[in-house]
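Trainee: Have a look at this one before I ask anything.
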Amino acid sequence: MAATIIDGRALAAAVREEVAAQVAELGGVGLATVLVGDDPASHVYIDLKQKAARAAGMQARDLKLPASTSEEELLATIAELNADDAVDGLLVQLPLPAHIDEGRAIEAVAPEKDVDGIHPVNAGSLALGRPRLVPGTPLGIMRMLEAYEIPLEGAHAVVVGRSNIVGKPMAHLLLQRNATVTLCHSRTRDLARHTREADVLVAAVGRRHLIAAEMVKPGATVIDVGMNRTEEGLFGDVDPRAAERAAYITPVPGGVGPMTIAMVLQNTVTAARARRAAQVASGTS
Ligand code: NDP
């Protein structure tokens with residue numbers, strides 16, 4: 001039996017509608033994005049986020065800085081946006097040019113505006129089981145698993161890839177839902193042995209079709225985060241033939257990608273609500 005295809009586009013559209021309603025209720029929400037340099041994929045992602053933010057009724061500021069921008073200049077821009085009350089959410093698109101220390105830029109963003117959820121305060125809160133702002137990709141994946149009622153409690157979840165923006169936060173979120181989590185990476189021995197045991201398999205590597213159909217457990221739920229752009233098109237990390245074995249699978253494109261953008265918008269609303277509540281509590285509003 002062929003797998004049910006998890007429709008990320010439809011679910012993302014629903015999230016974006018919810019976000020638009022919340023933006024209207026709050027009377028406006030501001031998102032600022034900062035892009036440094038000319039990376040073509042980064043331009044595509046920023047333009048998609050900007051378009052989605054505007055469609056949801058947000059005030060979206062789109063800062064595109066030249067590749068020659070110094071670290072000091074970038075940090076000064078971030079500081080200005082941190083201090084700007086009209087900015088609820090702030091994201092700095094990665095990767096940054098090699099002459100800029102990514103860690104310093106990430107740490108410069110005010111944690112309460114960090115809608116990518118990668119500031120150490122947010123990453124640490126998630127690791128402690130008290131999530132605040134969580135990266136959009138794993139947050140979107142949890143939303144997909146909920147929407148399709150995929151059981152997680154006691155399930156064996158295998159996450160392939162341990163980046164700070166996808167693999168690690170994914171593992172924490174699954175753990176918090178009481179899955180038994182295995183986190184694989186480039187030094188994992190016999191990857192297939194692990195993936196074949198996964199009730200829920202999340203592939204976040206960046207290698208076209210690294211996960212062959214035979215590496216998937218029959219009846220598994222397969223989430224393909226991979227976005228591998230080639231001249232022939234966009235490919236995931238999972239061979240689509242895995243749909244013949246899986247019970248549920250996300251397509252590429254049309255799966256995790258649209259959900260990531262929708263959840264960044266949701267995070268912006270979450271950040272706006274939290275900041276306003278804090279201002280009311282401290283009497284500064
Ligand atoms: P990174 O390059 O930061 O991390 C890749 C991870 O994969 C690393 O942990 C690496 O291990 C691991 N890895 C590499 N080769 C292997 C291998 N042969 N076997 C097992 N593990 C391996 O990537 P990201 O997490 O940022 O992104 C992963 C993919 O997801 C990319 O294709 C990216 O484009 C896509 N992506 C898609 C998004 C979406 O919205 N759909 C959002 C974000 C990312 P090690 O740590 O040992 O080096």
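Each reported figure results from applying straightforward, stated rules to the coordinates on display, with no laboratory input. Just so it is clear, the structure is predicted and the values come from calculations on it, not from any experiment. Reconstructed Cβ throughout: ideal geometry from the backbone, glycine too, with neighbour counts over all protein chains shown.
Trainee: Give me D for the chain in µm² s⁻¹, whole number, from Stokes-Einstein with Rh from the Kirkwood sum over alpha-carbon pairs, 25 °C and 0.890 mPa s.
Mentor: Translational D for this selection: 126 µm²/s.
Trainee: Give a residue-ordered list of calculated ³J(HN,Hα) values for segment 185-198 (Karplus: 6.51 cos²θ - 1.76 cosθ + 1.60, θ = phi - 60°; whole Hz; x for Gly, Pro).
Mentor: My calculation for segment 185-198 gives 7, 5, 9, 5, 7, 6, 3, 4, 4, 6, 5, 5, 9, 7 Hz in order.
Trainee: If we count other beta carbons within 10 Å of each Cβ, what is the order of Glu80, Glu72, fewest first?
Mentor: On the way: Glu80 12, Glu72 9.
Fewest-to-most ranking of Glu80, Glu72: Glu72, Glu80.
Trainee: What residue among Pro97, Pro253, Pro40 has the largest mean-square fluctuation in a Gaussian network model of the chain, using Cα springs under 10 Å?
Mentor: Among Pro97, Pro253, Pro40, the largest mean-square fluctuation in the Gaussian network model of the chain belongs to Pro40.
Trainee: Something else about it: Using modelled backbone amide H atoms (1.01 Å from N, in-plane), which distant-in-sequence or interchain residues come within less than 5 Å of Thr182's amide H?
Mentor: The answer is Ala157, Val158, Val159.
Trainee: Mean-square fluctuation check for the chain, GNM, Cα pairs under 10 Å: which of Val158, Val269, Val121 is largest?
Mentor: Taking springs between Cα atoms under 10 Å, the residue moving most is Val121.
Trainee: Which of the peptides 184-190, 166-172 is most tightly packed, and how do the rest follow, judged by the mean count of other Cβ atoms within 10 Å per residue? Don't skip to the answer; put the middle values down first.
Mentor: On the way: 184-190: 11.9, 166-172: 23.7.
The peptides rank, most packed first, as 166-172, 184-190.
Trainee: Calculate for the chain the 222 nm mean residue ellipticity that helices alone would give, adding -39,500 (n - 2.57) per DSSP H run of length 4 or more and normalising by residue count, nearest 500 deg cm²/dmol.
Mentor: So the calculated ellipticity at 222 nm is -13000 deg cm²/dmol.
Trainee: Using a Gaussian network model of the chain whose springs link C-alpha atoms within less than 10 Å, name the residue from Leu173, Leu65, Leu139 with the highest mean-square fluctuation.
Mentor: Leu65
Trainee: Measure nothing fancy, just the Cα-based angle from helix 40-55's long axis to the longest principal axis of the chain, in degrees from 0 to 90, nearest 10.
Mentor: With both axes taken from Cα atoms, the answer is about 70 degrees.
Trainee: Between Leu65 and residues 5 or more places away or on another chain, which pairs have amide H atoms under 5 Å apart, with H built 1.01 Å from N, and which residues are they?
Mentor: Leu35, Val36, Gly37
Trainee: What is the set of long-range amide H partners of Ser163 at a cut-off below 5 Å, with H atoms built 1.01 Å from backbone N?
Mentor: The list, which skips near neighbours in sequence, is Lys168.
Trainee: Among 88-94, 129-135, how do they line up from the highest to the lowest mean number of other beta-carbon atoms within 10 Å?
Mentor: Ranked from most to least packed, the peptides come out as 88-94, 129-135.
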